[in-house]
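Notes follow once the structure below has been shown.
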Amino acid sequence: MTETEKLEKYLFNEKKCGWDLVNDEQKQEIAKFSDEYIHYLNRCKTEREAVDFTKEILEKNNFINVQEKVVLLPGDKVYYINRGKAVYMAVIGEKPLETGLNIVGAHIDSPRLDLKPNPLYEDTGFAYLKTHYYGGIKKYQWTAIPLSIHGVIVKTTGEKINVNIGEKDDDPIFTITDLLPHLAIEQMDKKLKDGIKGEDLNLLVGSIPYGEEKIKERIKLNILKLLNEKYGIVEKDLISSELELVPAFKAKTLGFDRSMVAGYGQDDRVCAYTALRGILDIEKPRKTAVCILADKEEIGSMGNTGMESHVFDTFVAELLNKTNSNRPNALEKVFCNSRMLSSDVDAGLDPIYASVSEKNNASYLGYGIGLNKYTGARGKSGSSDASAEYVAEIRNILETNGIKYQFAELGKVDNGGGGTIAYILANKGIDVIDCGVPVLSMHSPYEVTSKFDIYEAYKTYKAFME
Ligand code: MN
Ligand code: MN
């Protein structure tokens, strides 16, 4: 190497592809971890399913429901489930809670189609279910693909019926039809966002009539009869249901070189899974390690299972009570001394749509975990801007642990923007930075990530909580 080359190497922040840095053994480790992640994606297509899976794994790993513990000691592992849709976990540290927590927070809800309260109707030979979309979707992406129905129906007696139909090989699937191109001249002239209307996202669910012809809606009647036989419900019971339509296809390894994962719901289950795997590896940390898997991020984090609710504060207060360290203002002090990674996905640069990204400040698939100092839109509006001091602290953790990372913005200035749960925790006084896996086709039914980045995310969350 010449002197100039040496100087260049020393001074430049060189961007290198992660795959150039791993040996065969590490590649195998990454492949194994990704296979386990793909299994998780196929089992957890909704927030409720993610909570059920998480609870199972936590209990296998000696985590105990915090309500069953009277006293908490360093090394104790606890969790709290908020209404079956969000989970908070903690491994109690050696130092008092007031010295602060190390929090990793992801969300387990994803964009999808929900059923309306009165969904079932019949029209000209078909039965349909009406939907209302959840989160930021491109509506045209949800037609002409196989969809499955997941969720619960609750009767007035409190009896809860779990529904999961369209995933098994011999299950039927459902779909939303689209217009044939031959007759779509008018539709094709519309703006992309107007091509499919929200009120036209109606799920096709049947076509056989039941009984004698004088009955008015015989196909609808047949569907209700079938639902009654299978679930013991009547039409009214659909009012008290939460049924979500998600893509019926499976998450898979992507590419001849098997370097990527394609699957539904990777925003943000890729960060949820890696954060969960991270906390499972924490034994007796110096400071208490906390992992949050939140609901309702995709629709603004509101409601009692969203991050804006005070249920998380109550969980931390419970930790204070049970470590015998609660006193006036203790909770506020805990938050002011805490730090957090808001582990949510980042927009990866897509070469086909490169014009929306600024190449020096974009995340690239395969280049490691992506960090956003701030998000927001139109002059950083509405974002939590991490301080230089905190960014330096995080860089130090990443560099000490040999983790590949990249700092980016969500697209070009004034091109759009986005939000996460970061600001909600930052408003409590916590140091927060967005930190997650870059994704292509975000919010689509089939999102793409790099296996290299998934593994770096796991290493990041683990190192941060340690
Ligand atoms: Mn997200
Ligand atoms: Mn999202």
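The values are calculated or read from the model by the stated rules, or taken from the named source; none is laboratory data. What you see is a predicted model, and the numbers here were worked out from it, not measured in a lab. Because the Cβ atoms are built from the backbone with ideal geometry, glycine has one as well, and the counts that use them run over all protein chains shown.
Results, tabulated for the structure shown:
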{"item": "Output for region 400-412, where each listed residue is out of contact with any Leu (no Cβ under 8 Å at 6 or more places or on another chain), of a type outside the set (G, A, S) and surrounded by 13 or more Cβ atoms within 10 Å (Cβ to Cβ)", "result": "N401, I403, E409, L410, K412"}
{"item": "Leading residue by the ranking (farthest from I397 (Cα to Cα)) among those in region 115-159 that are within 16 Å of ligand 2 (Cβ to nearest atom) and in a strand (DSSP E or B)", "result": "Y133"}
{"item": "L319 away from ligand 1 (no atom under 16 Å from the Cβ), surrounded by 21 or more Cβ atoms within 10 Å (Cβ to Cβ) and either assigned to a helix (DSSP H, G or I) or in contact (Cβ under 8 Å) with a residue 60 or more places away in the chain (or both)", "result": "yes"}
{"item": "Selection from region 299-316 of residues that are more than 13 Å from ligand 1 (Cβ to nearest atom) and outside any loop (DSSP other than H, G, I, E, B)", "result": "V311, F312, D313, T314, F315, V316"}
{"item": "Residue satisfying condition, being away from ligand 1 (no atom under 16 Å from the Cβ) and either over 30 Å from V311 (Cβ atoms) or surrounded by 15 or more Cβ atoms within 10 Å (Cβ to Cβ) (or both), within set I369, I397", "result": "I397"}
{"item": "Check on I421, among the aliphatic types (A, V, I, L, M) and more than 17 Å from the chain's Cα centre (by Cα)", "result": "no"}
{"item": "Residue tally, condition surrounded by fewer than 16 Cβ atoms within 10 Å (Cβ to Cβ), in contact with a Lys or Arg (Cβ under 9 Å, 6 or more places away or on another chain) and on the phi > 0 side of the Ramachandran plot, over region 123-181", "result": "0"}
{"item": "Failed condition for I103, given (1) over 16 Å from E235 (Cα atoms); (2) assigned by TED's automatic domain parsing to the domain that holds S240; (3) away from ligand 1 (no atom under 16 Å from the Cβ); (4) in contact (Cβ under 8 Å) with a residue 40 or more places away in the chain", "result": "(2)"}
{"item": "Cβ-Cβ under 8 Å pairs, at least 6 apart or on other chains, region 447-466 side among the acidic types (D, E), far side part of a helix (DSSP H, G or I)", "result": "E447/Q266; E447/D267; D453/G18; E456/G18"}
{"item": "Residues located in region 265-298, provided they are surrounded by fewer than 23 Cβ atoms within 10 Å (Cβ to Cβ) and either in a loop (DSSP other than H, G, I, E, B) or within 16 Å of ligand 1 (Cβ to nearest atom) (or both)", "result": "D281, I282, E283, K284, P285, R286, K287, E298"}
{"item": "Selection from region 377-391 of residues that are surrounded by fewer than 19 Cβ atoms within 10 Å (Cβ to Cβ), out of contact with any Lys or Arg (no Cβ under 7 Å at 6 or more places or on another chain) and either polar (S, T, N, Q) or within 20 Å of N360 (Cβ to Cβ) (or both)", "result": "A377, G379, K380, S381, S387, A388"}
{"item": "Meets criteria (out of contact with any Ser or Thr (no Cβ under 8 Å at 6 or more places or on another chain), more than 17 Å from L276 (Cβ to Cβ), outside any strand (DSSP E or B) and not assigned by TED's automatic domain parsing to the domain that holds F174) for E98", "result": "no"}
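So that you can scan it fast, the table gives a plain yes or no per residue for (1) assigned to a helix (DSSP H, G or I); (2) touching an Asp or Glu at 6+ places or on another chain (Cβ under 6 Å); (3) surrounded by fewer than 16 Cβ atoms within 10 Å (Cβ to Cβ); (4) outside the structural domain of Y134 (by TED's automatic domain parsing):
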| position | (1), (2), (3), (4) |
| --- | --- |
| Y10 | yes, no, yes, yes |
| E14 | no, no, yes, yes |
| T54 | yes, no, no, yes |
| V71 | no, no, yes, yes |
| V78 | no, no, no, yes |
| I81 | no, no, no, yes |
| Y88 | no, no, no, yes |
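Residue by residue, here is whether (1) away from ligand 2 (no atom under 16 Å from the Cβ); (2) at negative phi; (3) not small (G, A, S); (4) not in a strand (DSSP E or B) holds:
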| position | (1), (2), (3), (4) |
| --- | --- |
| I352 | yes, yes, yes, yes |
| S355 | yes, yes, no, yes |
| S384 | yes, yes, no, yes |
| N396 | yes, yes, yes, yes |
| I403 | yes, yes, yes, yes |
| V413 | yes, yes, yes, yes |
| L425 | yes, yes, yes, yes |
| C435 | no, yes, yes, no |
| P445 | no, yes, yes, yes |
